[in-house]
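The values are calculated or read from the model by the stated rules, or taken from the named source; none is laboratory data. Values in this document were obtained by computation on a predicted structure and should not be read as measured data. In this analysis, Cβ positions are derived from the backbone assuming ideal geometry, glycine residues included, and neighbour counts consider all displayed protein chains.
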């Protein structure tokens with residue numbers, strides 16, 4: 001009986017546990033966010049965007065992004081690069 005229990009434990013996968021509802025991996029680290037997604041995250045927290053759907057938010061914030069200065073875009077690009085670097089380091093170790 002004890003041998004059977006150990007055999008069952010060793011057959012379990014330790015990488016990527018899946019949700020029984022969605023089938024998606026719930027232990028896998030999500031990919032890093034790009035510059036626009038970081039920008040969108042900052043803007044959508046503002047009170048003027050409360051009550052909007054995600055689709056409306058994306059359309060509105062995209063217009064803001066297109067009209068944003070190159071300096072601001074460069075700051076968000078740098079943040080995205082840093083997040084990607086951190087994500088890669090965590091992924092390797």
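Filtered by the rule that a residue be loosely packed, with under 12 Cβ neighbours inside 10 Å and either touching a strand residue (DSSP E or B) at 6+ places or on another chain (Cβ under 9 Å) or on the phi < 0 side of the Ramachandran plot (or both), region 43-58 gives 45, 46, 47, 48, 50, 53, 54, 55, 56.
Inspect region 13-20 for any residue being modelled with pLDDT of 90 or more and loosely packed, with under 11 Cβ neighbours inside 10 Å and give the result as yes or no. Within region 13-20, none of the residues are modelled with pLDDT of 90 or more and loosely packed, with under 11 Cβ neighbours inside 10 Å. Tallying residues that are at pLDDT below 85 and surrounded by 14 or more Cβ atoms within 10 Å (Cβ to Cβ) within region 59-93 yields 2.
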